[in-house]
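A short write-up of the structure that comes next.
The values are calculated or read from the model by the stated rules, or taken from the named source; none is laboratory data. Predicted model only: the values in this text are computed from it and were never measured. Cβ: placed from backbone, ideal geometry, glycine included. Neighbour counts: every protein chain shown. Accessible surface areas use protein heavy atoms only, side chains included; no ligands, DNA or RNA. Shrake-Rupley method; radii C 1.70, N 1.55, O 1.52, S 1.80 Å.
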Amino acid sequence: MAVSAIPMEYVRVVKSATCGRSLVFTSKFAPGQCILEELPCAYTVKNDRRGSFCDFCLKKCSTLKKCSRCNYVSYCNKSCQIGDWARCHKQECKTLKKIHPRPPDLHVAQLLSQLIRKQSKSAPCTQEDEDCFPTTVDQLESNHEKLSDTKRNHFESLLCVLKQFLEEDVLAEPSSWLKMYGATLCNGFSIMDYGLYGLIDIANGVYLRASMVNHSCDPNCALVFDGRKLQVRTVKDVKEGEECTISYFTAVNYPTKERQAFLDHVHYFTCKCVKCIEEINALEPDAGLTEEILGLEKSKEEIEMQIQFALITKDWTKVLQKFETYLRSCLPAHHYLLVEVRDLAFGICCTIESWGKAAQMGQLITKPNR
Ligand SMILES: C[S@@+](CC[C@H](N)C(=O)[O-])C[C@H]1O[C@@H](n2cnc3c(N)ncnc32)[C@H](O)[C@@H]1O
């Protein structure tokens, strides 16, 4: 698939004073302008979307046909099947057929194996310039030294499947794989599609050029997906030389400290966007609240991991017990962490068909809005 001609010169890479590399506009643009268009260097359909979206073009399709060998991936037509065979399925088909039971995070191991294989075929990066678009995954920021224990444990749990995906290739040491895992967390995009009730994430992808876009809590650009093709579009008037930014999360309207805690815990950086700097300067010092929120963010991450594993072990009681920390916390009822965690609990109650508890949870979620 050819990517249409959006000149790369609409933005250029510069070394920023506070956030590593960043993209700046080379001219002024009006809202809606597409300033970057790109196909992913690796991507996989998320496990829970499998069967509704083509594994190659990522378009929704009701007549997908499964690969007759692995009986796992599916395509909307022959041409997508051929495209995916050349892209990655030739190396993955045998392993996908072999792996049983298939873990809920199989797509994460798949994505990682695609990147490791790709990297092993690229010449090591010798480029010193920090003002060029990256051309290989090892040029992306990884933050792997900062990964939390939960994330490190998750990586360890992926290793067994990862080795099966990679056993037939001649590869670098597994010690370099953690760096690659960090790079997927730091630079991975959720590829979105319009579902019945709004946007849904259908796949995980890594885009080399779009990885240069930094976060702002008051962004001037947004991402638009068409299948696997990503576009970065302006959402306001921008000036020449201004930094191009997107939001890494949807909660940009949350209070400053909550946003900072979220980015610190999930993305491993302290946000230095203009909005945060201005708001922090205006805030009264109040370290306690951030500590509490960081603690809750941490246990939310653990809960999310345990949910993944409870899908295999079916140990739901243990997972529901974990929610107690949140449900008994002294945060206000409409606090985003409480709402997010109750939403997870609601999903679990529905999965185990505990309808009474699901109704209770649903009431707690909607109460602040009534
Ligand atoms: C997807 S990368 C963006 C490109 C990155 N600046 C680089 O040089 O590769 C995300 C990383 O950029 C930095 N970053 C992005 N937005 C930031 C912000 N608002 N404040 C501070 N650092 C930021 C953080 O180091 C983060 O881990």
Worksheet, complete the sentence: Those residues of the range 265-275 which are near the ligand (Cβ under 10 Å from one of its atoms), open to solvent by 50 Å² or more (accessible area, probe 1.4 Å) and not basic (K, R) amount to F269, T270, V274
Response to the item:
Among strands (runs of 3 or more DSSP E) completely within the range 15-62, the ones holding 1 or more residues that are among the acidic types (D, E) are 34-38
Practice prompt. Restrict the check to the range 82-99 and report whether at least one residue is under 20 Å from the mean Cα position of the chain (by Cα), more than 16 Å from the ligand (Cβ to nearest atom) and at pLDDT below 95.
Written response: no
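Evaluate the following for E258: is it touching a residue at least 60 places away in the same chain (Cβ under 8 Å) and surrounded by fewer than 17 Cβ atoms within 10 Å (Cβ to Cβ)? It would help to see each step written out before you state the result.
Details: touching a residue at least 60 places away in the same chain (Cβ under 8 Å): yes; surrounded by fewer than 17 Cβ atoms within 10 Å (Cβ to Cβ): no.
The answer is no for E258.
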Worksheet entry | The one condition in (1) of a type in the set (V, I, T); (2) modelled with pLDDT under 95; (3) open to solvent by less than 40 Å² (accessible area, probe 1.4 Å) that I191 fails to fulfil | (2)
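Given the structure, is D55 open to solvent by 40 Å² or more (accessible area, probe 1.4 Å), under 24 Å from the mean Cα position of the chain (by Cα) and either without any contact (Cβ under 8 Å) to a residue 40 or more places away in the chain or not assigned by TED's automatic domain parsing to the domain that holds K272 (or both)? Working first, answer last.
Details: open to solvent by 40 Å² or more (accessible area, probe 1.4 Å): no; under 24 Å from the mean Cα position of the chain (by Cα): yes; either without any contact (Cβ under 8 Å) to a residue 40 or more places away in the chain or not assigned by TED's automatic domain parsing to the domain that holds K272 (or both): yes.
Taking the combined requirement at face value, the residue does not satisfy it.
Find the residue count for the range 63-80, including only residues that are outside any loop (DSSP other than H, G, I, E, B) and surrounded by fewer than 19 Cβ atoms within 10 Å (Cβ to Cβ). It would help to see each step written out before you state the result.
To start, the set of residues in the range 63-80 that are outside any loop (DSSP other than H, G, I, E, B) comprises 65-66, 74-75, 78-80.
With surrounded by fewer than 19 Cβ atoms within 10 Å (Cβ to Cβ) added as a condition, the list becomes 65-66, 78-79.
Final tally of qualifying residues: 4.
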